[in-house]
Amino acid sequence: VEASIPEGQRAAWKKFSATEFKTKDEFESEVVKHIETTLARSLFNCDEAAAYGGVALAFRDRLVIEWNRTQQRQSSADPKRVYYLSLEFLMGRALDNAMLNVGMKDVAKEGLGELGFRMEDVISQERDAALGNGGLGRLAACFLDSLATLNYPAWGYALRYKYGIFKQEIVDGYQVEVPDYWLDFNPWEFPRHDVTVDVQFYGHVRKYMDESGKQISVWEDGELVTAVAYDAPIPGFGTRTTNNLRLWSSKASHGEFDFTKFNSGEYEASVAEQQRAETISAVLYPNDSLERGKELRLKQQYFWCAASLFDIVRRFKKSRKAWKEFPNQVAIQLNDTHPTLAIPELMRILLDQEGLEWDEAWSIVQKTFGYTNHTVLPEALEKWSVPLVQHLLPRHLQIIYDINLNFMHYVERNFPKDREMLGRVSIIEESTPKMVRMAYLAVIGSHKVNGVAELHSDLIKTTIFKDFVKIYGPDKFTNVTNGITPRRWLHQANPRLSELIASKLGGYDFLRDLTLLHKIEAYVDDKEFRKEFQEIKYANKVRLAKYTKEAHGISVNPSSLFDIQVKRIHEYKRQQLNIFGVIYRYLELKDMSPEERKKVQPRVSFFGGKAAPGYWMAKTIIHLINQVGAVVNNDKDIGDLLKVVFLEDYNVSKAEIICPASDISEHISTAGTEASGTSNMKFVLNGGLVIGTCDGANIEITREIGEDNIFLFGNLSEDVEDLRHAHTYSGDFAIDPKLERVFAVIRAGRFGDAAQFSALVNSIVEHGDYYLVSDDFASYIDTQKLIDAAYKDQEAWLTKTITSVSRMGFFSSDRCIDEYAEMIWNVE
Ligand code: KOT
């Protein structure tokens, strides 16, 4: 919108231009003003929710000022921008983050106290912005924090889901899903009713020759849905840069309802169309690492890609630069294949709307996009049926076929002897129905493809993208190991540890350069430091114990070893291995004499995580964990020696309490299946140790912190294929005897009706044990014993944890972002 204030009036404007509060009194005045006016509450009608509103609005004002300035600066300097396209941003809460990133939390805390409120209570009033499933969405959120902190001009684009990931309730041990309507009161978003894009679906393509003999394609008819922008400010830490996260909301293109229909008496039809349009951005798909090919999901993807691309192109066109400059002004990163339609969409814009020739358009597209792969699991690789794409996006299907044709020619020319290769690498899978392989389209349309940890980046080159390495050479493929933002995952989640570190390093610079942590290794023998470090860990365990009591009524002793596995429930992540191990531990305890039991290291096994609503096996695992808890926690023989807790509704704000409270956390996926994992980094950074397989980022964590400081077990990824083969084809595959013992008690009904767990047990005993639970069981149990023994030596344990923290600098998402900027985006 070009509507600047005339020169003559600017002085007056500037005189009254908004300013930030600077003192405690100014803060209080802002809070009271917002509560009394914006929220229309009073002294006699102000609960913690209203106090939260007042504080959030006071900080929001500060953010908005910096946000406007940042956008203004970026508009005039017009540097190359980064656009991060992700269907998921798992942001969590914004207030604490805003206070810490812009500063002034201390002032606010004191001010709030004077107004009669406690900061923790106020912060906990906020609902999580839970627009994601797990690691992929949280990674996107960490990246936004780093991009702003490092002053990169960057925008996130996603959908404004009305419902984020469902809330999980546990009823009689079973997961029940409850909708998460999170928008009741969301002071962090700004509707931009003037920023809209009409997005087309269905219809058909008309082709004709123009006077010069050029083929013209026109996508006609179909239906239009309007995308409305909602913006959220993303403040950097200790910088004035405040970037933008733009979320698109869908509504009918003709406004509230169709007046023609309405006036002709078709009331229901006019409203139905509006509801159909709003359905597009209604709900986040709750599957993690699983694709189900639903039409609405494809509609979401295109709606979001089309609106975002239109917005990006509109911004580029303002600069009036030539099209060949586009890749010098714009870098678009595809977070997994979900935004791959952006590739044919940019082609469509350049060819059909801007009139570029194919080769020029294609060269621009390839230079613009980068693609991040997050999984090699076959069930997660996106494919869309050709008839569905044809129906919904007829012009895009033609473009995809043309991209494929050019690519096939290229392959044919360069690999004339390998006829089979064409079929293997074609974007179109020749099945019934034919399918569009989105990962291949993403590889072909991007200039760089990256995996998210070293092992994973190696694996994609030797498995799913092997042929593409031959075709394009190895340089197209690279690695950017994931990271986490130390602002949220250290400073915010564990303020006392952050303060202790700052006291030794002479300030908080380590939060902007996490490699500085190495300097605390000098204090590993410092008595005072050790004592304080240990006290902080204990206090964090007390906090989790308190939460466990309040939320679940289970008392746990904070002196026990806290063993935690929190992440999405998935067979490949092997929560079943963990709970079978817990059962085995229970059986051993039951076998012991009271004398023997006295020597045992007490332990609490915490689990947490959501199962996709349609994933029965994952839901069965949750049920088993709860059933085991019900038996073990009420067994008088056992007492504090073993407790089993399932933490309901695991989310970002709960992770902030959970991650600082572990002694051991579990990252035990079948080798070669977890692309990276990022919670492993959070736990270690907060002074916990890891039991893990040689998988994902566990390998690099080991490299950084040292083999003595991590408990690795299990088979290696290079052996997985042979083991699986042996399960099916060699006659002598036998279940591990310790695991057999566990199965025997499950079958005997010790944890309730055995029939409920038969599919889980049979997946291992009868159906080939695809995830190698039996193969790794003995090694897992032995390693847990080593952990019990190691924990007894509290001094040695403490040394391991301090050393590990000091060596975690590599895992900052700031390092990731600098790597992306340098290797992939070419931005400064
Ligand atoms: C795939 C399809 C739909 C929704 C989510 C996915 C997905 C999630 N694929 N990979 N991930 C996880 O991404 C994280 C961030 O890179 C990794 O740490 C983790 O290992 C992946 O499983």
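Of note:
- Which numbered condition D288 misses (of (1) acidic (D, E); (2) assigned to a helix (DSSP H, G or I); (3) over 18 Å from A229 (Cα atoms)): (2)
- Criterion: closer than 21 Å to I622 by Cβ, within 16 Å of the ligand (Cβ to nearest atom) and assigned by TED's automatic domain parsing to the domain that holds K599 - qualifying residue of V652, V684: V652
- Members of region 659-678 that are within 11 Å of the ligand (Cβ to nearest atom) and assigned to a loop (DSSP other than H, G, I, E, B): S669, T673, E674, A675, S676, G677, T678
- Condition check for K324: part of a helix (DSSP H, G or I) and exposed (fewer than 15 other Cβ atoms within 10 Å of the Cβ): yes
- Contact map, region 1-27: first residue in contact (Cβ under 8 Å) with a residue 40 or more places away in the chain, second residue surrounded by fewer than 10 Cβ atoms within 10 Å (Cβ to Cβ), Cβ cut-off under 7 Å, separation 6 or more or different chains; pairs are V1/D194.
- Those residues of region 533-557 which are buried (at least 18 other Cβ atoms within 10 Å of the Cβ) and either in a helix (DSSP H, G or I) or of a type outside the set (A, V, I, L, M) (or both), in sequence order: F533, I536, K537, N540, K541, L544, A545, T548
Condition check ((1) out of contact with any strand residue (DSSP E or B) (no Cβ under 7 Å at 6 or more places or on another chain); (2) surrounded by fewer than 22 Cβ atoms within 10 Å (Cβ to Cβ); (3) among the aliphatic types (A, V, I, L, M)) across all residues:
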{"site": "K80", "(1), (2), (3)": "no, yes, no"}
{"site": "L85", "(1), (2), (3)": "no, no, yes"}
{"site": "G92", "(1), (2), (3)": "no, no, no"}
{"site": "M104", "(1), (2), (3)": "yes, yes, yes"}
{"site": "K109", "(1), (2), (3)": "yes, yes, no"}
{"site": "G113", "(1), (2), (3)": "yes, yes, no"}
{"site": "R118", "(1), (2), (3)": "yes, yes, no"}
{"site": "D121", "(1), (2), (3)": "yes, yes, no"}
{"site": "E126", "(1), (2), (3)": "yes, no, no"}
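- Residues (closer than 19 Å to L577 by Cβ and among the hydroxyl-bearing types (S, T, Y)) located in region 632-689: Y650, S662, S665, S669, T670, T673, S679
- Look at region 530-554: where a residue is touching a residue at least 40 places away in the same chain (Cβ under 8 Å) and a partner is of a type in the set (S, T, N, Q) and not in a loop (DSSP other than H, G, I, E, B), sitting 6+ places away or on another chain with Cβ atoms under 8 Å, you get F533/T801; Q534/Q794; K537/T801; I554/T548.
Residue-by-condition table, conditions (1) in the same structural domain as H193 (by TED's automatic domain parsing); (2) not hydrophobic (A, V, I, L, M, F, W, C):
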position: S4; (1), (2): no, yes
position: R10; (1), (2): no, yes
position: T23; (1), (2): no, yes
position: E28; (1), (2): no, yes
position: L43; (1), (2): no, no
position: R62; (1), (2): no, yes
position: E88; (1), (2): yes, yes
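- For region 782-826, the tally of residues that are in a loop (DSSP other than H, G, I, E, B) and buried (at least 17 other Cβ atoms within 10 Å of the Cβ) stands at 2.
- Lone qualifier among F580, F607 - being part of a strand (DSSP E or B) and surrounded by 16 or more Cβ atoms within 10 Å (Cβ to Cβ): F607
- Qualifying residue in region 48-64 (condition: buried (at least 18 other Cβ atoms within 10 Å of the Cβ), of a type outside the set (G, A, S) and within 16 Å of the ligand (Cβ to nearest atom)): no
- Taking the numbered list (1) aromatic (F, W, Y); (2) touching a Ser or Thr at 6+ places or on another chain (Cβ under 9 Å); (3) free of Cβ contacts under 8 Å to residues at least 12 places away in the same chain in turn, F757 passes all entries but (3).
- Selection from region 693-722 of residues that are of a type in the set (D, E), farther than 18 Å from L459 by Cα and in contact with a helix residue (DSSP H, G or I) (Cβ under 9 Å, 6 or more places away or on another chain): E704, D708
- Considering only residues in region 64-93 that are assigned to a helix (DSSP H, G or I) and not polar (S, T, N, Q), the one that is farthest from N243 (Cα to Cα) turns out to be A77.
- Qualifying residues in region 97-139 (those that are acidic (D, E) and part of a helix (DSSP H, G or I)) - the one farthest from the ligand (Cβ to nearest atom): E114
- In this structure, Y729 qualifies as away from the ligand (no atom under 16 Å from the Cβ) and either over 31 Å from the mean Cα position of the chain (by Cα) or not aliphatic (A, V, I, L, M) (or both).
- For S146, the conditions (1) within 15 Å of the ligand (Cβ to nearest atom); (2) assigned to a loop (DSSP other than H, G, I, E, B) all hold with the exception of (2).
- Top-ranked residue in region 354-406 [being within 16 Å of the ligand (Cβ to nearest atom) and outside any loop (DSSP other than H, G, I, E, B); ranked as farthest from the chain's Cα centre (by Cα)]: W384
- Residue within region 342-353 that is hydrophobic (A, V, I, L, M, F, W, C), more than 14 Å from the ligand (Cβ to nearest atom), assigned to a loop (DSSP other than H, G, I, E, B) and surrounded by fewer than 22 Cβ atoms within 10 Å (Cβ to Cβ) present: no
- Scanning region 333-353 for residues that are farther than 18 Å from Q300 by Cβ and either more than 31 Å from the chain's Cα centre (by Cα) or not charged (D, E, K, R) (or both) gives Q333, L346, M347, I349, L350, L351, D352, Q353.
- Of the strands (runs of 3 or more DSSP E) lying entirely inside region 157-248, those carrying at least 2 residues that are assigned by TED's automatic domain parsing to the domain that holds T340, over 19 Å from the mean Cα position of the chain (by Cα) and under 30 Å from W67 (Cα atoms) are 190-201, 223-235.
- Selection over region 650-692 of residues that are out of contact with any helix residue (DSSP H, G or I) (no Cβ under 8 Å at 6 or more places or on another chain) and closer than 18 Å to K573 by Cα gives a count of 1.
- Here S217 meets the list (1) within 30 Å of R93 (Cα to Cα); (2) out of contact with any Phe, Trp or Tyr (no Cβ under 7 Å at 6 or more places or on another chain); (3) modelled with pLDDT of 95 or more; (4) more than 16 Å from the ligand (Cβ to nearest atom) almost entirely, failing just condition (1).
The values are calculated or read from the model by the stated rules, or taken from the named source; none is laboratory data. Treat the numbers as computed from the prediction; the structure is a model and nothing was measured. Counting neighbours? That spans all protein chains shown, and the Cβs are built from the backbone with ideal geometry, glycine included.
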